[in-house]
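Written below as structure tokens is the structure these notes are about.
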Amino acid sequence: MTNTHAAAADGAEPPQGPPAPNHESGTGGAGGKTNPAEGRVPTTHPHPKTHRTPDGLDAHLVVNRTTFRLDIKLTAAPGDVVALLGPNGAGKTTALRALAGLVPLTAGHLRLDGAELDRTPPESRPVGVVFQDYLLFPHLTALDNIAFGPRCQGATKAASRAQAAEWLARMGLTEHATAKPRHLSGGQSQRVALARALATSPRLLLLDEPLAALDARTRLEVRAQLRRHLAEFEAVAVLVTHDPLDAMVLADRLVVIEDGRAVQEGTPSDIARHPRTDYIAQLVGLNLYKGHADGHTVRLDIGPAITTTEILSGPAFVAFPPSAVTLFRDPPTGSSARNHWRCEVAGLETHGDQIRADLTGELPLAADLTTVAAAELDLHPGAPVWATVKATQTHAYPA
């Protein structure tokens, strides 16, 4: 095991900032903080190894607190990127900290590549963490920030710096090698933190809201770069986010967490098409209802019936986008829509280049329309309207 003193003994300055990683890990136990660490690279060439272990991640995370209980199962094969998605307070960060060993498990298990990690201290786990504030050492250059991990694993100062230089080149940051964190942009800092993590070769990479601190333009660019690096990463990566776009773009599989439990799991496309909770439906921009299907009709648990094109029997969900809703101020005549409800405008807000109307009444729903259409209909809170949706624009699936 190496520590900051061992690293300093060979010429590296011990950090004055976040805690040092152990020889196999990017995590550190002091103050509940964790150093970024990720990736699997050879000592001299930062390219992914071809060998893969068949094990990956097998976790049942149970954490009991006074007013909260986390109880979720996570499995992932090497090379998988899993996103934990959910609202604030759902338990995403608790799950990440439990994987890192910063929060002890109350029950369950945590296995990585077949090894039990339940009682392994954080600094001894082959786990790397990249936090949204990056935790770069302020007194070290970008090169030395990246070299710090290999240095703590026992590599010589020269070898660590050579490896760090290759990672800087891979990240497109060679010209910033001598820059300290205060002189780096948010996107550059994120890439340095990612490179520092990759240089330590963890078997589990944890990313906590890695793009949250970036502005919109930088976020787009860094997201594309992060996607490329995650595609090359051959161990397991777990991404925590509340941003559905980050999750959809970066992850192979999503695990949606609400109130400490997993409520839905699947590929991004499957979850986007088949939401099973109101939270997920709002994330992907759909009106979602639950009821009982009988042929082409789904009679809602609370509300009217909806006609669909699918033929189902039994408990079912039915969903449609706000753009599928057409509004009228008077009862529609001559409309081919099979579904129509009397509603009232509860609120209006700008949604992209359109107006989103929040409707109450026979069926609470959201409707999108152009600014011109909203003006022509003289929409305002309290205005009565009729809402119609064609059966062909609905999607029904078993509950």
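Filter segment 141-179 for residues that are surrounded by fewer than 16 Cβ atoms within 10 Å (Cβ to Cβ), more than 21 Å from Leu230 (Cβ to Cβ) and of a type outside the set (A, V, I, L, M, F, W, C); which is nearest to the chain's Cα centre (by Cα)? Result: Thr174.
Screening Ala179 with (1) in a helix (DSSP H, G or I); (2) of a type in the set (A, V, I, L, M, F, W, C); (3) more than 30 Å from Leu110 (Cα to Cα) gives one miss only, at (1). Of Thr309, Thr333, which residue is in the same structural domain as Leu377 (by TED's automatic domain parsing), β-branched (Val, Ile, Thr), out of contact with any Pro (no Cβ under 8 Å at 6 or more places or on another chain) and part of a strand (DSSP E or B)? After ruling out the rest, the residue left standing is Thr309.
Whenever a residue of segment 368-383 is without any contact (Cβ under 8 Å) to a residue 24 or more places away in the chain, its partners that are in a loop (DSSP other than H, G, I, E, B) and of a type outside the set (Gly, Ala, Ser), lying with C-beta atoms within less than 9 angstrom and at least six residues away or across chains, give the pairs Thr370/Asp353; Thr371/Asp353.
Only one entry in Gly285, Gly361 is within 30 Å of Ala262 (Cα to Cα) and either basic (Lys, Arg) or touching a Pro at 6+ places or on another chain (Cβ under 9 Å) (or both), namely Gly285.
Working only within segment 339-360, note down all residues that are within 19 Å of Ile306 (Cα to Cα) and crowded, with 18+ Cβ neighbours inside 10 Å. Asn339, His340, Trp341, Cys343, Leu359 - these are the residues of segment 339-360 that are within 19 Å of Ile306 (Cα to Cα) and crowded, with 18+ Cβ neighbours inside 10 Å.
Find the residue count for segment 102-132, including only residues that are surrounded by fewer than 16 Cβ atoms within 10 Å (Cβ to Cβ) and either assigned to a loop (DSSP other than H, G, I, E, B) or of a type in the set (Gly, Ala, Ser) (or both). So that I can check it myself, show each step before the final result.
In the first step, residues of segment 102-132 are kept if they are surrounded by fewer than 16 Cβ atoms within 10 Å (Cβ to Cβ); the result is 104, 106-107, 109, 114-116, 118-119, 121.
Within this subset, residues satisfying the condition of being either assigned to a loop (DSSP other than H, G, I, E, B) or of a type in the set (Gly, Ala, Ser) (or both) are 104, 106-107, 114-115, 118-119, 121.
Within segment 102-132, residues that are surrounded by fewer than 16 Cβ atoms within 10 Å (Cβ to Cβ) and either assigned to a loop (DSSP other than H, G, I, E, B) or of a type in the set (Gly, Ala, Ser) (or both) number 8.
Within segment 94-116, can one find any residue that is at pLDDT 90 or above, closer than 22 Å to Val130 by Cα and among the β-branched types (Val, Ile, Thr)? Walk me through it before giving the result.
Filtering segment 94-116 down to residues at pLDDT 90 or above leaves 94-116.
Narrowing further to those that are closer than 22 Å to Val130 by Cα: 94-105, 110-113.
Subsequent filtering for residues that are among the β-branched types (Val, Ile, Thr) retains 94, 103.
Among the residues of segment 94-116, at least one is at pLDDT 90 or above, closer than 22 Å to Val130 by Cα and among the β-branched types (Val, Ile, Thr), which makes the answer yes.
The values are calculated or read from the model by the stated rules, or taken from the named source; none is laboratory data. Values in this document were obtained by computation on a predicted structure and should not be read as measured data. For neighbour counting, all protein chains shown are included, and Cβ atoms are generated from backbone atoms with ideal geometry for every residue, glycine included.
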